[in-house]
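Single-structure report; data block below.
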Amino acid sequence: MFAYGQTGTGKTFTINGVPKDPKLKGIMPRSFEAIFHSIECDSSKEYLVRASYLEIYNEEIRDLLYKNGQKKLELKDKDTGVYVKDLSTFVVKSPADLMDVFNEGNLNRHVGATNMNEHSSRSHSVFTITVESS
């Protein structure tokens with residue numbers, strides 16, 4: 001999912017919402033719950049869920065989950081597709097785990113003031129959830 005638009009139009013609220021309020025949850029918390037609900041409904045397989053979070057800022061890729069947040073990464077291309085070399089991934093076991101990873105990455109994003117928003121993001125971010133089954 002991509003959220004695109006002018007500062008102050010509600011992109012962040014649409015994505016995050018108010019996670020602890022069932023009526024005001026955003027797309028991300030609802031998606032996290034839907035993923036694990038589907039897994040719980042399928043006892044015929046084993047599942048592994050992993051998450052990663054990166055930021056593109058000033059044409060550099062940064063790992064938002066790396067301890068000091070300053071690790072710059074490279075975009076690579078293989079026969080299997082495009083990937084980011086050395087991007088951190090974390091195994092998650094619940095919607096709450098996913099939310100923790102998402103929130104941790106959000107704390108490391110580049111933000112700055114604009115005329116329309118005091119805490120506007122100054123970057124693009126990609127939160128990836130990988131679900132494997134066997």
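A few comments on the model shown:
- Output for region 51-88, where each listed residue is in contact with a Leu (Cβ under 8 Å, 6 or more places away or on another chain) and outside any strand (DSSP E or B): 64, 86, 87, 88
- In region 69-87, the residues that are on the phi > 0 side of the Ramachandran plot and surrounded by 10 or more Cβ atoms within 10 Å (Cβ to Cβ) reach residues that are modelled with pLDDT under 90 and assigned to a loop (DSSP other than H, G, I, E, B) with C-beta atoms within less than 8 angstrom, at least six apart or across chains, in these pairs: 69/108; 86/71.
- Some residue of region 14-21 being surrounded by 15 or more Cβ atoms within 10 Å (Cβ to Cβ), outside any loop (DSSP other than H, G, I, E, B) and on the phi > 0 side of the Ramachandran plot: yes
Let's see how each residue does on (1) within 30 Å of residue 40 (Cβ to Cβ); (2) at pLDDT 90 or above; (3) of a type in the set (D, E, K, R):
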position: 82; (1), (2), (3): no, no, no
position: 88; (1), (2), (3): yes, yes, no
position: 91; (1), (2), (3): yes, yes, no
position: 95; (1), (2), (3): yes, yes, no
position: 100; (1), (2), (3): yes, yes, yes
position: 105; (1), (2), (3): yes, yes, no
position: 110; (1), (2), (3): no, no, no
position: 118; (1), (2), (3): no, no, yes
position: 126; (1), (2), (3): yes, yes, no
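- Candidate set from region 49-60 (those that are surrounded by fewer than 20 Cβ atoms within 10 Å (Cβ to Cβ) and more than 10 Å from the chain's Cα centre (by Cα)); member that is nearest to residue 28 (Cα to Cα): 50
- Criterion violated by residue 25 - all others in (1) surrounded by 12 or more Cβ atoms within 10 Å (Cβ to Cβ); (2) within 18 Å of residue 130 (Cα to Cα); (3) among the charged types (D, E, K, R) satisfied: (2)
- Residue count for region 1-13 satisfying the condition of being more than 19 Å from the chain's Cα centre (by Cα) and either polar (S, T, N, Q) or part of a helix (DSSP H, G or I) (or both): 3.
- Residue 32 vs. criteria farther than 23 Å from residue 131 by Cα, outside any loop (DSSP other than H, G, I, E, B), among the hydrophobic types (A, V, I, L, M, F, W, C) and modelled with pLDDT of 90 or more: no
- Flag for residue 38 being loosely packed, with under 12 Cβ neighbours inside 10 Å and either in a loop (DSSP other than H, G, I, E, B) or touching a Pro at 6+ places or on another chain (Cβ under 9 Å) (or both): no
The values are calculated or read from the model by the stated rules, or taken from the named source; none is laboratory data. These numbers come from a predicted model, not from an experiment. Note that each Cβ is placed from the backbone with ideal geometry, even for glycine, and that neighbours are counted across all protein chains shown.
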